[in-house]
Number of protein chains: 2
Amino acid sequence: MTTRRGRPPQGVLSRERILLAGLALVDEEGLAAVSMRKLAARLGVDPMSLYNHVDGKDALLDGIAEVLLAAIPAPPADADLRGTMSALAHGFRAAMLGHPRAAPLVLTRRLASMTALAPVEAVLAPLLAAGYPPDRAVHGLRAVLAFLIGTLMREVEAAPTLGGSGRRLADLSASGLPAVAAAAPYLAVCDHEAEFEFGLRIMLDALGEP
Amino acid sequence: MTTRRGRPPQGVLSRERILLAGLALVDEEGLAAVSMRKLAARLGVDPMSLYNHVDGKDALLDGIAEVLLAAIPAPPADADLRGTMSALAHGFRAAMLGHPRAAPLVLTRRLASMTALAPVEAVLAPLLAAGYPPDRAVHGLRAVLAFLIGTLMREVEAAPTLGGSGRRLADLSASGLPAVAAAAPYLAVCDHEAEFEFGLRIMLDALGEP
DNA sequence: ACCTGAACACCGTTCAAGT
DNA sequence: ACCTGAACACCGTTCAAGT
């Protein structure tokens, strides 16, 4: 996020400028609309110029995902274990909801870079400090992360809400499926905030004691 | 999965044949390699012929997702609530792992069709029968589903495993991140089966009593 | 009703050329 | 070192034509 030290940005282009413009493009037009050519046009540059700073479209998307990941704030230093875990989960959520159309890049891609390990360190460090053996720490982290990814995919409209897409209450009641019809009023709406807190509490409770 | 009754398949093509060929194409070459033209070639047909049976590429992918969803078996009729929920979760997992490269179609798309509601009915019915009020049934179902989606995305290589992609133990130890290094042996491997059972137990326990 | 093929408006990326 | 633009091998989909 800070400007690169050392070499001044002599050209018009830089990896950072490209990634930020890419994120803006995703925010405005959605993932499906991203193309190297459109991004180049937005930067006033020949499409092939991007390849001097980025390794291709896939690497561009990975880079945008890393920009998003980097926006997760560090948890307050004085928090206890549960407070730390909760702060990180909420920070992750806020980072994704800040760029809902780009969030699937983080949620559905396997990032290979070092910067993707920073959040792992942020979660693992307090668990180990609290006395969790490393195997249990990793185990618990994976369960929490699976829940977070599934929940955020739903919030971000990339996964089923139940009651599929923008299904109407009337459609559900008239579906001919008795249980669906009976629960229709609840299937038709989804309080994301409440679902998130409900599930997060379950997962953090399940971590138990070291 | 059964052959369409009523009108015989007079042409070479039918929606069903197209969807099955599409699924086979995804299985063999992956989602990114799917194109209307390649699928048509595989069926020995002009690309535009597909449009007589399928509404475009997006509808094709939705259709393939529905084929996958339809493969979830009904739970045994004599099981208790927990057994029913567990059977459905395992059936869902098996259906996804049977076609890992196609699974993201189910896990990351919002299906609008009626057939996507069948699994919802299958889960909701036993919960309501067991006496759960509909709001709590939907609530619990959503939490379980978020966990399932997140876990399966990881199993299917579409979401972070932690220790990013095919990260080597040595890389993790040398990452310079102390907690990551300490937990490296556990980050480097992932027993999907165990993670799934661990998380599923947590979620089913959290459902509590009606 | 279904199938065809030409055509349009796009893609990502390679390569040779410029500065 | 960085930027350019022509070219290649693809896309999804519209449309007019065939049967």
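The values are calculated or read from the model by the stated rules, or taken from the named source; none is laboratory data. Computed from a predicted structure; not experimentally measured. Virtual Cβ from ideal backbone geometry, glycine too; neighbours counted across all protein chains shown. Just the protein is used for accessible areas: all its heavy atoms, side chains included, with ligands, DNA and RNA removed. Shrake-Rupley method; radii C 1.70, N 1.55, O 1.52, S 1.80 Å.
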| remark: Asked for the total accessible area buried by A and B (1.4 Å probe, Å², nearest 100), one would answer 5300
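Please give the average number of partner chain Cβ atoms lying within 10 Å of the Cβ of each residue in B:100-107, rounded to a whole number. Spell out each step's value before the answer.
Values: counts 0, 0, 0, 0, 1, 0, 2, 7.
Mean inter-chain Cβ contacts per residue within 10 Å come to 1.
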| query | Which order, highest average first, do B:151-161, B:71-81 follow once you tally other Cβ atoms within 10 Å for each residue and take the mean per peptide? | reply | B:151-161, B:71-81
| What helices does chain A have that are whole DSSP H segments, at least 30 Å long along their own axis by Cα, and with mean Kyte-Doolittle hydropathy of -0.5 or more? | A:134-155
| query | Sorted by mean Cβ packing within 10 Å, highest first, what order do the peptides A:137-143, B:204-210, B:125-131 take? | reply | A:137-143, B:125-131, B:204-210
| query | Calculated from DSSP H runs of 4 or more alone, at -39500 (n - 2.57) each and per residue, what is the 222 nm mean residue ellipticity of chain A, nearest 500? | reply | -17500 deg cm²/dmol
| message | Taking each residue in A:109-116, count the Cβ atoms of any other chain within 10 Å of its Cβ, then average. What number comes out? | response | 5
| query | Taking all protein chains as present, what is the carbon and sulfur share of the accessible area of chain A, in % to the nearest whole number, probe 1.4 Å? | reply | 56
| query | Listed highest first by mean packing, meaning other Cβ atoms within 10 Å per residue, what order do A:168-174, B:179-185 come in? | reply | B:179-185, A:168-174
| query | What Kirkwood hydrodynamic radius do you get for the range B:53-140 when you take the inverse of the mean 1/r over all pairs of distinct Cα atoms, in Å? | reply | 14.1
| said: Averaged across B:193-203, how many Cβ atoms of other chains sit within 10 Å of each residue's Cβ atom? | reply: 4
| request: Based on alpha-carbon positions alone, could you give the equivalent ellipsoid semi-axes of the protein assembly as shown from the gyration tensor, as √(5λ), descending, whole Å? | output: 35, 31, 19
| query | P(r) for chain A: what percent of alpha-carbon pairs falls in each 10 Å bin, starting at zero? | reply | 7, 27, 28, 21, 13, 3, 0
| remark: Taking a straight Cα-to-Cα line shorter than 18 Å from A:K38, and setting aside same-chain aspartates and glutamates fewer than 8 residues away, one finds A:E16, A:D27, A:E28, A:E29, A:D46, A:D55, A:D58, A:D62
| Probe 1.4 Å, accessible area per residue of the protein assembly as shown, Å² | 46
| request: Give the distance, in whole Å, between the Cα centre of the range A:17-82 and the Cα centre of the range B:107-172. | output: 28
